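Notes for the one structure printed next.
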Amino acid sequence: MRRKVDSTMSLNDYDFGDGERRRMSTLKEVAALAGVSMATASAAINNGPVGKASRERVLAAAKQLNYVPSKAGRMLMTGKSNVIEMVIMTIDGHPDIVRRTALFYYLMLGVSEVAEANGFGVRYTTRSHDAPDVTEYFDHVVGDRSADGIIIVPQFARDYSFLSALHRARYPHVMLRPSRNAEDSNYVDLGDYEGGQMVGQELVGVGASSIALINGPQSHLCAIERERGLSDALLDLGGTIVAKSYSDYTISGGYDAMARIFESGKLPEAVFCTNDYMAAGAMNFLREKGVSVPRDIAVIGYDDSDLATVVYPALTTLDNRFFEIGQALAEELISVIRGETTTIARSLIPIFRERASHSYGKTGWAD
């Protein structure tokens, strides 16, 4: 229902929808009550350079008057929006795992926590690498200045020519991508290569030397790095990848990938699934075929998602520390926005979470 507008309302009046009209205070009134200039009041409210005593008087006055700062006015005065953008890149023809799984939930939660603690809002979006306007999108981000900086999660090994707009404008940005692919961009690396190595070392260590790999899309950065780490570890330790099947990071995809391996007749002693969703699907298929995990085939997942502790047997997996990764991305971007640093190169190594599913040759009844 459309609310009738009272033509007698002034620009400083606001109808809150409860039948009561309240007057919105102005910055001038806050400054007058605090006994400071408008410039000092603005600086105090917007975390600018001002003395402690003045800041406290201004904030007390603002609270007393129920003053709500104008976002548009703050942007005009400071040149800052106090907003950061986070964009997760997808590609056409692959399932959108941003929406179909909870993989990015903790990443976004970590970004939000740090941003809020530092007085920033967060704007989340997804963009396709294949969208015809992807370059124009990043040009727009730089041009309209509605965000002070951007976090980019590229996911796939594709052309990143859209970054040129950020580089030319020296626009604050940080990417979640492997250090070896970071080129001249600021990055946080989540240690997928090292995680793949850990899996290879652990599986050979429990006596499983023939390994099947159920991986994500071949162009996915995490899939590439996790496979590379596994392959290098097995090469050093004498293990062998006897079968590979590429899928889409979903439960149904893991089920189908395990079926393809089973039908090939190349049954391994262990299966490394590069995320927990595919591991859950693979374990479902093995259970249907009467194959015991881990007695007959060991299984290791990746991500340490909520699924890891509800499947049976409990899933051994790698904790990719997505919450901490999100915190790191926000911390580093904010440091660039504030001019505290210009170059970001940071890595977080995953943590091995040992449970019951990978103890090859054992029943898996005890967690």
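The values are calculated or read from the model by the stated rules, or taken from the named source; none is laboratory data. Small disclaimer: the values here were computed from a predicted structure and weren't measured. We place every Cβ from the backbone using ideal geometry, glycine too, and count neighbours over all the protein chains shown. Side chains are part of the model used for accessible areas, which takes the heavy atoms of the whole protein and leaves out ligands, DNA and RNA. Shrake-Rupley method; radii C 1.70, N 1.55, O 1.52, S 1.80 Å.
Quick notes on this one:
- The residues of the stretch 164-183 that are at pLDDT below 85 and either farther than 21 Å from residue 108 by Cα or surrounded by fewer than 18 Cβ atoms within 10 Å (Cβ to Cβ) (or both), listed by number, are 179, 180, 181, 182, 183.
- Which numbered condition residue 186 fails, given (1) in contact (Cβ under 8 Å) with a residue 60 or more places away in the chain; (2) of a type in the set (S, T, N, Q); (3) open to solvent by 50 Å² or more (accessible area, probe 1.4 Å): (3)
- Cross-chain or 6+ apart pairs with Cβ under 8 Å, the stretch 317-329 first and free of Cβ contacts under 8 Å to residues at least 60 places away in the same chain, then hydrophobic (A, V, I, L, M, F, W, C): 317/279; 317/300; 317/308; 319/351; 319/352
- Flag if residue 335 is among the hydroxyl-bearing types (Ser, Thr, Tyr) and either part of a loop (DSSP other than H, G, I, E, B) or in contact (Cβ under 8 Å) with a residue 24 or more places away in the chain (or both): no
- For the stretch 147-160, the condition of being touching a His at 6+ places or on another chain (Cβ under 8 Å), open to solvent by 20 Å² or more (accessible area, probe 1.4 Å) and at pLDDT below 85 holds for at least one residue.
- Of the criteria (1) at pLDDT 95 or above; (2) under 17 Å from residue 226 (Cβ atoms); (3) crowded, with 24+ Cβ neighbours inside 10 Å; (4) not aromatic (Phe, Trp, Tyr), which one residue 305 fails: (1)
- Residue that is least open to solvent (accessible area, probe 1.4 Å), among those in the stretch 312-327 that are part of a loop (DSSP other than H, G, I, E, B) and within 30 Å of residue 120 (Cα to Cα): 320
- Pairs where the first residue, in the stretch 106-131, is open to solvent by less than 20 Å² (accessible area, probe 1.4 Å) and the second is of a type in the set (S, T, N, Q) and assigned to a helix (DSSP H, G or I), C-beta under 7 Å, 6+ apart: 110/327; 114/327
- Look at (1) modelled with pLDDT of 95 or more; (2) open to solvent by less than 50 Å² (accessible area, probe 1.4 Å) and you find that residue 352 fails only one, number (2).
- Consider the stretch 191-208 and keep the residues that are closer than 20 Å to residue 110 by Cβ and out of contact with any Phe, Trp or Tyr (no Cβ under 8 Å at 6 or more places or on another chain). The one that is most open to solvent (accessible area, probe 1.4 Å) is 194.
- Selection from the stretch 292-316 of residues that are in contact (Cβ under 8 Å) with a residue 24 or more places away in the chain and among the aliphatic types (A, V, I, L, M): 293, 297, 298, 299, 300, 307, 308, 311, 314, 315
- A residue that is assigned to a loop (DSSP other than H, G, I, E, B), at pLDDT below 50, out of contact with any Ser or Thr (no Cβ under 6 Å at 6 or more places or on another chain) and under 17 Å from residue 68 (Cβ atoms) occurs somewhere in the stretch 20-30.
- Conditions (1) in contact with a helix residue (DSSP H, G or I) (Cβ under 7 Å, 6 or more places away or on another chain); (2) surrounded by 21 or more Cβ atoms within 10 Å (Cβ to Cβ); number of the one not met by residue 333: (1)
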